[in-house]
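Asker: Before we start, here is the structure in question, set down as structure tokens.
Values in this text are rule-based calculations from the coordinates and carry no lab data. Keep in mind the model is a prediction, meaning the values are calculated, not measured. Quick reminder, even Gly has a Cβ in these numbers, built from the backbone with ideal geometry, and neighbours come from all protein chains shown.
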Amino acid sequence: MVVTAFAAILVVQRRSPPTFFLGGVLWAGLIVALSALAGIGVALADGPPADPLHIVYGVLAVAALPGAAIIVRGRTERAQTLVWVMAGLVLVILVLRLFQTSV
């Protein structure tokens, strides 16, 4: 959420992302990937989730940031920042849905 909020501020201020921004995106991707691995471990130990949408949301959450990285290639810095904002919002929505479907 922090990376998404920071990217949104950059878009509103019409500023280019600083050099450390990509590091924040990488950390966010790492956290999502580790969460997905934990979810796989739980599914192996306790069986699959009752709602199969949980699996779909997990796969989409893991694919959101790499997908955005593919989209931003060759774009202007402003367009790149906007894509990262959109990917971050999608990721936040997917993670919230993951929590909702796990109950």
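Asker: What is the distance in Å between the Cα centroid of the range 1-43 and that of the range 63-101?
Answerer: 9 Å
Asker: Once the dipole of the range 2-101 is set up with Lys and Arg at +1 and Asp and Glu at -1 on Cβ about the Cα centre, which of Leu60, Pro17, Val83 lies farthest towards its positive end?
Answerer: So the residue we want is Pro17.
Asker: How far is helix 21-46 tilted off the main Cα axis of the chain, in degrees rounded to 10, range 0 to 90?
Answerer: 10 degrees
Asker: Given labels modelled 7 Å from the Cα in the Cβ direction, how far is it in nm from Ala5 to Leu60?
Answerer: Here the answer is 2.4 nm between the modelled labels.
Asker: Now for a different question. Once R0 is set to 41 Å, what does the formula 1/(1 + (r/R0)^6) return for the Cβ-Cβ distance between Ala79 and Leu44, expressed as a FRET efficiency to the nearest 0.05?
Answerer: That gives a FRET efficiency of 0.55.
Asker: Let me know the Kirkwood hydrodynamic radius for the range 2-101, please, with Cα pairs as the basis and the value in Å to one decimal.
Answerer: 14.3 Å
Asker: Okay, next question. With labels modelled as points extended 7 Å from the Cα through the Cβ direction, what inter-label distance (nm, one decimal) is found for Ile31 paired with Phe99?
Answerer: 1.2 nm
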